[in-house]
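What follows is a single structure, written as structure tokens, with notes after it.
The values are calculated or read from the model by the stated rules, or taken from the named source; none is laboratory data. As the structure is a computational prediction, the values presented were derived from the model and not from experiment. Here the Cβ is made from the backbone with ideal geometry for all residues, glycine too, and neighbour counts use every protein chain on show. Note: accessible area is taken over every heavy atom of the protein model, side chains too, but ligands, DNA and RNA are not part of it. Shrake-Rupley method; radii C 1.70, N 1.55, O 1.52, S 1.80 Å.
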Amino acid sequence: MNDRIVTVFGGTGFLGRQVVRHLCQHGFFVRIAARHPDQGNRLFALDEPKLHSVAVDIHDERSVADALSGAFGAVNAVSLYAEQGQETFHSVHVQSAERVAAQAHRAGVERLVHVSGIGADATSPSLYIRKRGEGELVVRAAFADAILVRPAVMFGLDDAFLTTILKLLGRLPIYPMFGHGLTRLQPAYVEDVAEAIARVLQGETHAITYECGGPCIYSYEELLRDVAREARLKPMLIPIPFAAWYALAWFAEMLARPPVTRNQVELMQVDNVTSPMMPGFGELGISPHSVEEILQRMLRRHSLV
Ligand SMILES: NC(=O)c1ccc[n+]([C@@H]2O[C@H](COP(=O)([O-])OP(=O)(O)OC[C@H]3O[C@@H](n4cnc5c(N)ncnc54)[C@H](OP(=O)(O)O)[C@@H]3O)[C@@H](O)[C@H]2O)c1
């Protein structure tokens, strides 16, 4: 049991809320920081004395500083998948990431975990991947011992990844694939990534980068066939060129909740697998769950078995 406070920026998100739970299980007190704290109140039983929800916009220096006051640790799990107005990849993944790191340093926070993504690269031609790479660099410049966690694409019971695939496979007799379905993926279970972050906060003291990927690497087509087999579906998978997806995503982004974004299309063009040179789940003593294990639970939840 420890009484140390960890502020989780994005603590109401898909990954963030699991991070909050795992930190609590490790005995931390958690400050859930997001723009809509009522979300936190709904997601967690806030009569739980270890949890406290605060309204924070990471674009706003004052609210970031307040959220970090007296904290032992901080996790930045804020996302932006489609740019909209002032919310750009640069403003969120670079400027605000730097703001969180600088304010954490100023507040005397001992450990900072910055959540990035596999393949983050400041020299990439893809705007999103480049901004994730630049974000890592500015975070380390502002907080030298920041720990970077790069998850592969994540799945979980309430995810947008496998759930969408499952629903579409169930509804569409013909399933449009990204390109020829050759992109390699190593999906990671969101709870394993959350546990990795909790363990890192508990033990790690120096700058290190973890890459967190699941136990299996699939081509996108193999993954679709695997999910379809588990759900006892027999879809016809049709390759669709990336250029066509890109055009579709451009129009889709005009919607309030775009079903596909150009950023997602770009990400599906590059392999999303961990480097064997980088530490990951193994070094943290975590044996990651497979897609198949969690899929059975998802199928029951969606009454598909
Ligand atoms: N999901 C994946 O498969 C995946 C894979 C690799 C890496 N990642 C990375 O993992 C991290 C978490 O992703 P996720 O999928 O869990 O994201 P998510 O579900 O979209 O959650 C985002 C969280 O950030 C908060 N947020 C957004 N803008 C904010 C702002 N301006 N100020 C404060 N809070 C803000 C949101 O709450 P409010 O809207 O209430 O503010 C929410 O709590 C991101 O860095 C993402 O790039 C995700």
Accessible area of I217 in the full protein assembly, 1.4 Å probe (Å², nearest 10): 80
Burial order of peptide ranges 72-80, 37-45 (average beta-carbon count within 10 Å, highest first): 72-80, 37-45
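What does the charge add up to near Y246, with Lys and Arg as +1, Asp and Glu as -1, over the other residues with Cβ less than 10 Å from its Cβ?
Counting the neighbours of Y246, the net charge comes to 0.
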Cα-centre dipole for the range 115-184 with unit charges at Cβ (Lys and Arg positive, Asp and Glu negative), debye to 20: 220
Probe 1.4 Å, accessible area per residue of the chain, Å²: 46
Ellipticity estimate at 222 nm from DSSP helix runs (n ≥ 4, -39,500 (n - 2.57)) divided over the chain, nearest 500: -11500 deg cm²/dmol
Among 253-260, 239-246, 54-61, the order from most to least packed when residues are scored by Cβ within 10 Å on average: 54-61, 239-246, 253-260
Relative contact order (%) - the chain, alpha-carbon pairs under 8 angstrom, separation at least six: 16
Size of charge dipole - the range 119-274 - debye, nearest 20, with Cβ of Lys, Arg +1 and Asp, Glu -1, no other charges: 560
Dipole moment magnitude, nearest 20 debye, the chain about Cα centre, only Lys, Arg, Asp, Glu C-beta charged: 640
Amide H within-cut-off set for V30, under 5 Å, with H built and near neighbours excluded: V6, L51, H52
Rounded to 5, percent antiparallel among DSSP beta bridges of the chain: 10
Fraction of beta bridges assigned by DSSP in the range 150-305 that are antiparallel (%, nearest 5): 25
Accessible area (Å², 1.4 Å probe, nearest 10) - F251: 130
Projected area, mean over directions - the chain, Cα convex hull, nm²: 15.4
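Give the relative contact order (percent, whole number) for the range 55-200; include only Cα pairs under 8 Å separated by 6+ residues.
20
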Percent accessible area from carbon and sulfur atoms, the chain, protein chains only, probe 1.4 Å: 54
Mean shadow area of the range 188-305, taken as a quarter of the surface of its Cα convex hull (nm²): 10.0
Residue order for H289, H22, H180 - accessible surface, 1.4 angstrom probe, largest first: H180, H289, H22
Whole-angstrom gap from the range 163-235 to the range 265-305, using each part's C-alpha centre: 4
Antiparallel bridge percentage (DSSP; both residues within the range 132-228; nearest 5): 20
With all protein chains modelled, accessible area of T164 [1.4 Å, Å²]: 70
Positive dipole terminus of the chain, leading residue within I240, S116, I197 (C-beta point charges): I240
Unit charges at the beta carbon, dipole of the chain: most positive-side option, C212, G16, V291: V291
Pairwise centroid distance, computed over Cα atoms, of the range 51-80 with the range 88-116, Å: 9
